[in-house]
Amino acid sequence: MQTAMDPEQMFKKKLTLKILLFLAATDILETLTQLCFKKSVFSAIGLDSPGLAGLGAVLKTAFSSPLLWCGFAAVAVTFIIWSTVLSKIDLSVAVPVASFSYILVPLASIIFLREKISILRWAGICFIIAGVIFVSLSSRERVKTE
């Protein structure tokens, strides 16, 4: 028999080290997913796609890439971890803290894809970091509202 959660307990959901590690894992897996998807598309680039026959060739090439399937597997694992995290902390805390993928993806893009990141984008990344810090601190000092 399931009992209703006491409102007092609802306000005691804290961002623990274990949850923080799970959130870091989702960010790393999200970054891996994006890299795998991007690399799998590279294998289909260069194929002419005149009409539906060409589209079929592009899709066949993309879906035969092991990197695409690795990306799908990372999505599945991320979903499992994310579901666990959401059962432990508030969505309003989890999403901002999990936004480190906005930092990891550009870094991985520089390292693995040789992409260039503009100074304006780096400024945005710094704002994201500041926001994550503020959200993390606010989850510790949560005031109970009734």
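All of the numbers you see were taken from the coordinates with simple rules; none came from a lab. Treat the numbers as computed from the prediction; the structure is a model and nothing was measured. Note: ideal-geometry Cβ built from the backbone for every residue, glycine included; neighbour counts use all protein chains shown.
Tabulated data for the structure shown
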read-out	value
Peptide ranges 64-72, 128-136, 22-30 listed from the most packed, as the mean C-beta count within 10 angstrom indicates	22-30, 64-72, 128-136
Förster-model FRET efficiency, 30 Å R0, S118 and K13, C-beta, rounded to 0.05	0.20
Label-point separation in nm, A130 to F63, each point 7 Å along Cα→Cβ	4.7
In sequence order, calculated HN-Hα J values of the range 18-24 (Karplus, 6.51, -1.76, 1.60; Hz; x Gly/Pro)	4, 5, 4, 5, 4, 5, 4
